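In what follows, a single structure is set out as structure tokens and then discussed.
No lab work stands behind these numbers, since they all come straight from the coordinates. This structure is a prediction, so every number in the text was calculated from the model and none was measured. We place every Cβ from the backbone using ideal geometry, glycine too, and count neighbours over all the protein chains shown.
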Ligand code: DOR
Ligand code: ZN
Ligand code: ZN
């Protein structure tokens, strides 16, 4: 099987490539790049005018299976990923049962192999049942195929558990993905604490609730030498702490989400529960600090924290609503429209933040168009204009604050192992 992707603008930040080149794929692998490649016996994809990138990787996704299949499952979640331009997702362990042992890891991997249409890499839990009291069997999780550990959805409130997690994970070269939130400081808060929480009359969550945990975990990363990765960093203070930790040479990385980069707490004015997320949408000053950190290398990758919910969990008072945004199908368009098109982020940096950036964090052999690598490819059309309509989502979660928004710049083709799986928001692979 030979496939030639012709005439596109190839952007491969890992290999410092930004050029109009053809890409030859053979038997699911990248065969060669260049101009005037031999196209005999090739199926041709005309990519002229399009941007051809290594497959996008989202290291923070909630696929909800096992246990919460009414919110999402591996089939629907990987379809959403493919339509959103992602070829690899890492799935978080806050399922039921929790991904805290070999059997559950095995179940997720087997299900992904059977019904998944993109690569699924499981994240195991830090603590048994994510109860924060006792470490999971980390060696067992690694052997079973986990690429990281995390108690995401909940913070690890006990510092000694986090210390041991960093220590153990270090032995296996795994990152510890930390959901930084001091629950005592959150104290029942519903949105960012600031001007708008006062105006809207909702209890606030101070930026410090995140920052004290980022600071604690950085201190523990220094103590242990373990790889600490901060999930969904959302405040100026978190950015300053990570920047400083990196300058010191610590093994600390971080991700930011499309929503924290593009929406601020002001939009909570209509009490639309789709704006409720954890950490909460912050004020403009924090949003601007995240954008700055995106440019100076403090941020390693963009991750969606795709958190699909059943509509009933959002169709209620702000106070009662579940936290989370269904983000896989809008991430690229949001970043293209809000940051790349206005010139706030270079397209090459965007591609890096979705490819070699996340691959580096997770230590996985993906995120480049090097010869011999799996042909995971994302093609973007920066001309497509579409209005976000959650009813068309492949995800079961239609909870998005971007609904009704017109965005320009969408993924148009997603290839996994050289096979076209999605095109212009529709699944083309039969599985
Ligand atoms: O908004 C969120 N939703 N934040 C989290 O940390 C967990 C996630 C979920 O699982 O719904
Ligand atoms: Zn989280
Ligand atoms: Zn999450």
Exercise. Expressed as a rounded percentage, what relative contact order does the chain have, with Cα pairs under 8 Å and six or more residues apart?
Worked result: 20 percent
Exercise. Given the Cα-Cα distance of residue 69 and residue 36 and 0.36 nm per residue of separation, how much length would full extension add, in nm?
Worked result: 7.1 nm
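Find, to one decimal place in angstroms, the Kirkwood hydrodynamic radius of the range 282-431, where the mean of 1/r is taken over every pair of different Cα atoms and then inverted. Numbers along the way, then the final one.
Values: mean 1/r = 0.0588 Å⁻¹.
Here the Kirkwood hydrodynamic radius works out to 17.0 Å.
Could you give the length gained on full extension between residue 44 and residue 128, defined as 0.36 nm per residue of separation minus the Cα-Cα distance, in nm?
Working: separation 84, 0.36 × 84 = 30.24 nm, distance 4.94 nm.
Stretched fully, the residue 44-residue 128 segment lengthens by 25.3 nm.
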Exercise. What is the range 185-293's relative contact order, in percent, from Cα pairs under 8 angstrom and six or more apart in sequence?
Worked result: 27 percent
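Which FRET efficiency value, to the nearest 0.05, do you get for residue 187 and residue 143 by plugging their Cβ-Cβ distance into 1/(1 + (r/R0)^6) with R0 = 41 Å? Display every interim value, and only then the final one.
Details: r = 40 Å, r/R0 = 0.97.
Calculated transfer efficiency: 0.55.
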Exercise. Cα axis of helix 102-115 to longest principal axis of the chain: angle in degrees, 0 to 90, nearest 10?
Worked result: 40 degrees
Seminar exercise, completed: Computed on Cα atoms, the radius of gyration and Dmax of the chain in angstrom are 20.5, 67
Exercise. Can you give the helix-only mean residue ellipticity at 222 nm for the chain, where every DSSP H stretch with n ≥ 4 adds -39500 (n - 2.57) and the sum goes over all residues, rounded to the nearest 500 deg cm²/dmol?
Worked result: -8000 deg cm²/dmol
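In nm, what is the difference between 0.36 nm times the number of residues separating residue 272 and residue 365 and their Cα-Cα distance? Spell out each step's value before the answer.
Details: separation 93, 0.36 × 93 = 33.48 nm, distance 4.02 nm.
Full extension from residue 272 to residue 365 adds 29.5 nm.
For the range 314-376, just say rounded, prolate or oblate: build the C-alpha gyration tensor, square-root its eigenvalues into a ≥ b ≥ c, call rounded for a/c under 1.5, and beyond that prolate if a/b exceeds b/c, oblate if not.
Numbers: a/c = 3.14, a/b = 1.70, b/c = 1.85.
Here the range 314-376 falls in the oblate category.
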For this session: Could you calculate, for the range 163-297, the ratio of the Cα radius of gyration to the Kirkwood radius, expressed as Rg to Rh?
Result: 1.00
For this session: Please report, in Å, the Rg and the Dmax of the range 19-170, where both are computed over Cα atoms only.
Result: 19.2, 61
Problem set entry | Extent along principal axes [Cα atoms of the range 125-206; Å; largest to smallest] | 51, 20, 19
Exercise. Along the Cα-to-C-beta direction of residue 341, a point sits 7 Å from the Cα; which residues of the range 408-431 have their amide N less than 18 Å from that point?
Worked result: 408-413, 424-425
Problem set entry | Principal semi-axes in Å for the range 237-279 [√(5λ), Cα gyration tensor, largest first] | 30, 9, 7
Problem set entry | Residue with peak Gaussian network fluctuation, the chain [Cα springs, cutoff 10 Å], from 79, 31, 282 | 31
For this session: Return 162, 336 ranked ascending by Cβ neighbour count within 10 Å, so the fewest neighbours appear first.
Result: 336, 162
Exercise. Hey, what angle do you get for helix 236-247 against the long axis of the chain, alpha-carbon based, 0 to 90 degrees rounded to 10?
Worked result: 70 degrees
Exercise. According to a simple spin-label model (label point 7 Å from Cα along Cα-to-Cβ), what is the distance in nm between residue 428 and residue 391?
Worked result: 2.6 nm
Problem set entry | Sorted peptide list for 142-148, 348-354, 81-87, 242-248, criterion being average Cβ within 10 angstrom, highest first | 81-87, 348-354, 142-148, 242-248
For this session: Write down the percent of antiparallel bridges among all DSSP beta bridges whose residues are both part of the chain, to the nearest 5.
Result: 50 percent
For this session: Could you state the angle between the C-alpha long axis of helix 159-171 and the longest principal axis of the C-alpha atoms of the chain, as a value from 0 to 90 degrees rounded to the nearest 10?
Result: 30 degrees
Seminar exercise, completed: At 4 °C and 1.567 mPa s, the Stokes-Einstein diffusion coefficient in µm²/s for the range 70-109, with hydrodynamic radius from the Kirkwood sum on alpha carbon pairs, is 116 µm²/s
Exercise. Is the range 374-431 best put as rounded, prolate or oblate by its Cα gyration tensor, with a ≥ b ≥ c the root eigenvalues, rounded for a/c under 1.5, and otherwise prolate when a/b is larger than b/c, oblate when not?
Worked result: oblate
For this session: Enter the per residue convex hull volume of the range 302-342, computed from alpha-carbon coordinates, in Å³ rounded to the nearest integer.
Result: 87 Å³
Problem set entry | the range 309-411, relative contact order in percent, only Cα pairs under 8 angstrom and at least six apart counted | 37 percent
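Which order do the peptides 8-20, 302-314 come out in when sorted by mean C-beta neighbours inside 10 angstrom, highest first?
Details: 8-20: 17.8, 302-314: 24.0.
Output ranking for 8-20, 302-314: 302-314, 8-20.
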Exercise. Of 329, 102, 406, which is the most mobile in a GNM of the chain whose springs link Cα atoms less than 10 angstrom apart?
Worked result: 406
Seminar exercise, completed: Where a ≥ b ≥ c are root eigenvalues of the Cα gyration tensor, a/c under 1.5 meaning rounded, otherwise prolate if a/b exceeds b/c and oblate otherwise, the range 144-183 counts as oblate
